[in-house]
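Right, one structure below, let's go through it.
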Amino acid sequence: MCGIVGAVAARNVQGILLEGLKRLEYRGYDSAGMAVISPQGQLDRRRAVGKVAALEECLEEAPLSGELGIAHTRWATHGKPSERNAHPHQSGESLAVVHNGIIENFESLKSELEGQGYVFTSETDTEVVAHLLAREVDRQADLFEGVRRVLASLDGAYALGVAHCSEPETLIGARQGSPLVVGVGIEEAFLASDPLALLQVTDRFIYLEEGDLVRLRQGGSIEIFDINGKPVERPVKIFEHGDGAASKGDYRHFMLKEIYEQPAVIAKTLEGRLAQSSVLVNSFGTEAEALFSRVKQIHIIACGTSYHAGMTARYWLEKYAGIPTQVEVASEFRYRQVVVPENTLFVTLSQSGETADTLAALRFSRELGYLGALAICNVPGSSLVRESDLTLMTHAGPEIGVASTKAFTTQLTALMLLALALGKVRGVNEGRQAEIVAALRELPRMVSRVLALDSEIEALSTAFAEKHHALFLGRGAHFPIAMEGALKLKEISYIHAEAYPAGELKHGPLALVDNEMPVIAVAPNDELLEKLKSNLQEVRARGGELFVFADENVHLKEGEGIRVLRLPHIDEALAPILYTLPLQLLSYHVAVLKGTDVDQPRNLAKSVTVE
């Protein structure tokens with residue numbers, strides 16, 4: 001989503017703000033802008049449509065100078081991409097604001113302001129905030145108090161950065177439903193929607209909580225106030241990932257780098273969580289064993305790729321823990337009448353921990369009588385983590401590419417740990433658990449073996465360069481993996497792709513199959529293999545071109561219209577994790593062939609922090 005950077009320092013902040021915007025490019029955006037209060041006390045602004053590079057060119061022609069400023073990358077929610085809709089937005093010549101989120105009552109506020117003579121120059125909801133702030137600051141003669149009063153009138157989600165010429169040494173930030181962090185420097189302070197934006201200037205961060213209002217002043221002064229206006233202390237945390245996490249290194253794209261990081265990050269997900277033959281239940285928290293012993297049902301709530309991880313986990317939780325499990329899209333969950341069986345564990349999945357629908361679902365769940373809430377997440381200081389009873393961090397590190405790769409496989413790994421932990425507490429399948437734990441120890445090495453097939457997968461990708469549609473097939477726990485493969489292909493190559501359980505072919509999808517519809521299937525060596533082979537024969541009989549990712553022990557011959565890539569044998573419990581890798585690589589290479597923007601596909605954002 002949109003990105004915010006702000007700085008108040010004893011040096012020119014233009015370079016800090018610009019570098020911060022570059023580090024936020026992975027989030028998805030359509031325009032960028034910057035506003036700085038000059039040494040003469042004037043508010044100067046530059047905005048540009050398109051990439052941050054366009055703003056950088058603008059700044060080269062007309063540089064900004066000042067020790068306090070705010071900057072923004074916008075992803076359109078109100079108004080088409082244009083310079084006049086780009087942030088920062090101003091009211092008059094003295095106030096500028098940057099905003100992430102959506103102001104739901106902006107239309108009524110806009111009507112009120114227009115009646116008072118305020119003139120709007122954009123189509124955005126954010127300009128309403130700018131005019132409200134200007135009005136209240138004039139009334140209160142105090143920037144902080146003016147912002148505080150305006151926040152009470154806003155409905156929706158926001159993270160705000162505000163600068164005003166009347167107080168050229170003060171930067172105000174606020175958050176409600178959209179993430180915002182404070183960067184702690186040496187006699188200087190910063191704001192950002194993501195700590196990655198500020199790693200060039202600090203590795204110390206304060207993660208603001210819901211309703212927090214912060215005042216940053218020259219000299220590094222940081223004052224935080226809660227939703228009731230009371231001063232509060234929030235802990236300063238050291239960012240755990242190095243600055244190199246935001247660099248592609250020697251890789252062509254972040255996505256490829258993150259695909260190749262999977263052996264290492266899966267190892268981190270497992271680190272310290274496995275005993276000799278079982279999962280350490282306390283990895284989920286000191287109260288986990290007592291809570292897990294009472295669990296009778298599980299509801300998993302997630303969005304997008306995380307939803308596919310949850311769908312896969314349903315098979316594991318029912319098979320290896322014996323617990324009935326439901327999986328639901330977060331955006332649907334909170335808009336229906338939910339029946340919560342007794343002793344149901346509420347599980348949320350999110351890479352960022354700030355996914356708007358998932359976070360709202362967690363808050364909604366508090367009213368429904370769940371036994372407890374467990375978050376599986378990648379960001380320690382995120383809202384989802386702070387507001388859950390139990391957490392398991394995936395330790396995937398920052399994921400920059402919009403199309404999720406390592407976040408997905410580490411979520412799957414964490415969910416297998418959950419299934420085994422619940423099974424251990426319930427005394428279910430103890431012998432089988434020991435086998436899976438042994439396989440988990442080997443998983444990073446097995447993932448590396450699949451990555452060694454990259455050149456063969458790249459060769460397969462050439463068959464997709466001119467295609468417009470694709471069909472993915474899987475059975476059992478591999479149906480969600482097929483769904484994830486289809487999502488990756490459509491996300492970054494813009495090829496229309498769908499996934500089906502292979503057994504559903506005769507119920508409709510088979511009508512689509514011809515020699516222009518490539519069909520991708522995952523074929524692990526499990527109890528459904530023979531049925532899958534029959535489904536593949538149905539495809540070949542209709543002239544469909546098959547691409548099969550199969551276990552090395554599966555007897556499946558290549559021939560006309562069928563190409564087979566053989567993967568190393570792995571315990572069938574973990575096969576869904578392993579078979580994700582070739583689908584990621586296939587999508588990546590197809591996207592490169594088609595010349596799309598792999599890391600920042602059109603219309604998409606990395607972290608969906610508005611509904």
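The values are calculated or read from the model by the stated rules, or taken from the named source; none is laboratory data. Only a predicted model underlies this, so the values are computations on that prediction, with no experimental measurement involved. Quick reminder, even Gly has a Cβ in these numbers, built from the backbone with ideal geometry, and neighbours come from all protein chains shown.
Filtering segment 404-421 for residues that are under 29 Å from the mean Cα position of the chain (by Cα), part of a loop (DSSP other than H, G, I, E, B), touching a residue at least 12 places away in the same chain (Cβ under 8 Å) and buried (at least 24 other Cβ atoms within 10 Å of the Cβ) leaves a non-empty set.
For Asn429, the criteria (1) crowded, with 22+ Cβ neighbours inside 10 Å; (2) at positive phi hold in every case but one, which is (1). Picking from residues in segment 24-45 that are surrounded by 23 or more Cβ atoms within 10 Å (Cβ to Cβ) and under 21 Å from Gln90 (Cα atoms), the one that is modelled with the lowest pLDDT is Tyr29.
Can you find a residue in segment 366-386 that is under 14 Å from the mean Cα position of the chain (by Cα), of a type in the set (Ser, Thr, Tyr) and part of a helix (DSSP H, G or I)? Within segment 366-386, one or more residues are under 14 Å from the mean Cα position of the chain (by Cα), of a type in the set (Ser, Thr, Tyr) and part of a helix (DSSP H, G or I).
Residues that are under 14 Å from Thr202 (Cα atoms) and surrounded by fewer than 20 Cβ atoms within 10 Å (Cβ to Cβ) within segment 8-23 comprise just one, Glu19.
Taken over segment 78-103, the criterion of being surrounded by fewer than 18 Cβ atoms within 10 Å (Cβ to Cβ) and in contact with a Gly (Cβ under 9 Å, 6 or more places away or on another chain) is satisfied by Pro81, Glu83.
Can you tell me which of Ala477, Ala434, Ala438, Ala465 is under 29 Å from the mean Cα position of the chain (by Cα), closer than 24 Å to Ile266 by Cα, touching a residue at least 40 places away in the same chain (Cβ under 8 Å) and not assigned by the TED database to the domain that holds Glu271? Just a single option satisfies the conditions, and that option is Ala477. Just one residue in the set Lys268, Lys237 is of a type in the set (Lys, Arg) and either part of a strand (DSSP E or B) or touching a Cys at 6+ places or on another chain (Cβ under 9 Å) (or both); that residue is Lys237. Select from segment 185-228 the residues that are more than 21 Å from Gln14 (Cβ to Cβ) and not in a loop (DSSP other than H, G, I, E, B) and list them in ascending order. Result: Arg204, Phe205, Ile206, Tyr207, Leu213, Val214, Arg215, Ser221, Ile222, Glu223, Ile224, Phe225.
Residues that are buried (at least 24 other Cβ atoms within 10 Å of the Cβ), outside any loop (DSSP other than H, G, I, E, B), touching a strand residue (DSSP E or B) at 6+ places or on another chain (Cβ under 9 Å) and in the same structural domain as Ser91 (by the TED database) are absent from segment 104-111 altogether.
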